[in-house]
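Before any comments, here is the structure.
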Amino acid sequence: MTYSRKVFIPLTTLCRDRCTYCTFAKSPGAGGMYLEPDEVLAIAKAGDEAGCTEALFTLGDRPEERWPQAASFLAARGLDSTIGYVAEMSALVRSETSLFPHANPGLLDDDDMRLLRPTNPSMGMMLENISPRLMEPGMPHHGTLSKDPSRRVATIEAAGRARVPFTTGILVGIGERRDELVDSLFALRDLGRATGAIQEIIIQNFRAKADTPMRHSAEPVPRWFARVVALARWILGPEANVQVPPNLTEQFEIYLDAGINDWGGVSPLTIDWVNPEAPWPHLDELRSRTEAAGFTLRPRLPVYPEYIDEDWIHAALYADVVAAADKDGLALIPETSGAR
């Protein structure tokens, strides 16, 4: 079992979308903002000192298209897009720390991939579901064009063309039918085969959040959700990297028997800004509970070992990634690190 030791950097909580289950995105009047460079660097340096290897940049999708305040923030810095700011902050983290950025900024095209690739050895974006029905009135993605599954598929295809190791996945319990869930898994399997770019697939259970339209919606029961995880393993095959976040289920060991091989990013320092109500398990606890189930827990880099290759990692990053990996391609982190 692997995991990525990370710090979570919420670069901006502004977003053009209006998903009915999200508390991450906020309007300017409700506290939506961008982090300043010194704030980004403070988080990254703290993570560096704690033995983290990943700086997860999570943010709203192209907020400048909806909020004048976002466009003004970017214009003051000579930028016309939030993606440009992600590139600048990724470069800052690379220049000042040993962390590797992993950008998760929403929809990306070929130009965006090329812009971010020199500082991000991997990137990510959830597919969530392949069905356009979830964009219809009354459904969770209504009015959120960036959740159009065809656009999300196009982003994964762009990752393949740009040779970017890519993390994606599905969100279970947001109103999809069972056939749509199965179709989504087959779609990701086929995309992985066609692009070669999918390094990891997250199977994530929906958690209802206060102050959202879906706050009273039922959450997937862990035992049933474990069946979904087992189905994902069966569809995706034995070589796929399949992850379930450990902070979204109290007895998360159930997913070990369902076939996962990774816990995803776990932070010893920062909260899960997407699920702030769900604290990460302490790394010592994650290790002891994983080992009690018969597995060895090992840290990895944000890019998986099989993608540590000159074809997949930009030349500006390749030597540093190789130097940060052990003989198995996993992360070189001392067991005595303070991040434990």
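In this structure, does Ser184 turn out to be surrounded by fewer than 16 Cβ atoms within 10 Å (Cβ to Cβ), more than 16 Å from the chain's Cα centre (by Cα) and in a helix (DSSP H, G or I)?
Spelling it out, it is not the case that Ser184 is surrounded by fewer than 16 Cβ atoms within 10 Å (Cβ to Cβ), more than 16 Å from the chain's Cα centre (by Cα) and in a helix (DSSP H, G or I).
So Phe252 fits all but one of (1) among the hydrophobic types (A, V, I, L, M, F, W, C); (2) closer than 22 Å to Phe186 by Cα; (3) in a loop (DSSP other than H, G, I, E, B); what number is the exception?
(2)
When you go through (1) free of Cβ contacts under 8 Å to residues at least 40 places away in the same chain; (2) of a type outside the set (Phe, Trp, Tyr); (3) part of a loop (DSSP other than H, G, I, E, B) one by one for Asp257, which number turns out not to apply?
With (1) free of Cβ contacts under 8 Å to residues at least 40 places away in the same chain; (2) of a type outside the set (Phe, Trp, Tyr); (3) part of a loop (DSSP other than H, G, I, E, B) applied to Asp257, the lone miss is (3).
Taking Glu253 as meeting all but one of (1) in contact with a helix residue (DSSP H, G or I) (Cβ under 7 Å, 6 or more places away or on another chain); (2) charged (D, E, K, R); (3) more than 30 Å from Gly196 (Cα to Cα), write down the number of the exception.
(3)
Restricting attention to the stretch 22-57, and to residues there that are within 17 Å of the chain's Cα centre (by Cα) and of a type in the set (Ser, Thr, Tyr), which single residue is modelled with the highest pLDDT?
Thr53
Condition check: in a loop (DSSP other than H, G, I, E, B), buried (at least 17 other Cβ atoms within 10 Å of the Cβ) and modelled with pLDDT of 95 or more. Does Ile130 satisfy that?
yes
Where residues in the stretch 134-181 are in a helix (DSSP H, G or I), over 18 Å from the mean Cα position of the chain (by Cα) and small (Gly, Ala, Ser), which of them is nearest to Trp234 (Cα to Cα)?
Across the stretch 134-181, the extreme among qualifying residues is Ser150.
Given the condition within 30 Å of Asp211 (Cα to Cα), surrounded by 15 or more Cβ atoms within 10 Å (Cβ to Cβ), of a type in the set (A, V, I, L, M, F, W, C) and at pLDDT below 95, answer yes or no: does some residue in the stretch 241-249 qualify?
No, the stretch 241-249 contains no residue that is within 30 Å of Asp211 (Cα to Cα), surrounded by 15 or more Cβ atoms within 10 Å (Cβ to Cβ), of a type in the set (A, V, I, L, M, F, W, C) and at pLDDT below 95.
Quick check on Leu108: is it part of a loop (DSSP other than H, G, I, E, B), out of contact with any Pro (no Cβ under 9 Å at 6 or more places or on another chain), at pLDDT 95 or above and crowded, with 18+ Cβ neighbours inside 10 Å?
Yes; evaluated as a whole, the condition is true for this residue.
Could you tell me whether the stretch 110-117 includes any residue that is over 26 Å from Arg300 (Cβ atoms), within 17 Å of the chain's Cα centre (by Cα) and touching a residue at least 24 places away in the same chain (Cβ under 8 Å)?
No; the residues of the stretch 110-117 include none that is over 26 Å from Arg300 (Cβ atoms), within 17 Å of the chain's Cα centre (by Cα) and touching a residue at least 24 places away in the same chain (Cβ under 8 Å).
Could you list all residues from the stretch 197-217 that are in contact with a Ser or Thr (Cβ under 7 Å, 6 or more places away or on another chain) and of a type in the set (Gly, Ala, Ser)?
Passing the criteria: only Ala208.
Which residue, of Cys52, Cys22, is assigned to a loop (DSSP other than H, G, I, E, B), in contact with a strand residue (DSSP E or B) (Cβ under 6 Å, 6 or more places away or on another chain) and within 30 Å of Asn261 (Cβ to Cβ)?
None of the other options fit; the residue is Cys52.
Since Asp61 meets every condition but one in (1) among the charged types (D, E, K, R); (2) in contact with a Lys or Arg (Cβ under 9 Å, 6 or more places away or on another chain); (3) surrounded by fewer than 20 Cβ atoms within 10 Å (Cβ to Cβ); (4) part of a loop (DSSP other than H, G, I, E, B), which condition does it not meet?
Here Asp61 meets the rest and fails (3).
Let me confirm something: among Gly47, Gly32, which residue is free of Cβ contacts under 8 Å to residues at least 40 places away in the same chain and either surrounded by 16 or more Cβ atoms within 10 Å (Cβ to Cβ) or closer than 22 Å to Ile202 by Cα (or both)?
After ruling out the rest, the residue left standing is Gly32.
Being under 19 Å from the mean Cα position of the chain (by Cα) and in a loop (DSSP other than H, G, I, E, B): is that true of Ala278 here?
yes
The values are calculated or read from the model by the stated rules, or taken from the named source; none is laboratory data. This is a predicted model, so every value here is computed, not measured. Every residue, glycine as well, gets a Cβ built from its backbone with ideal geometry; the counts of neighbours run over all protein chains shown.
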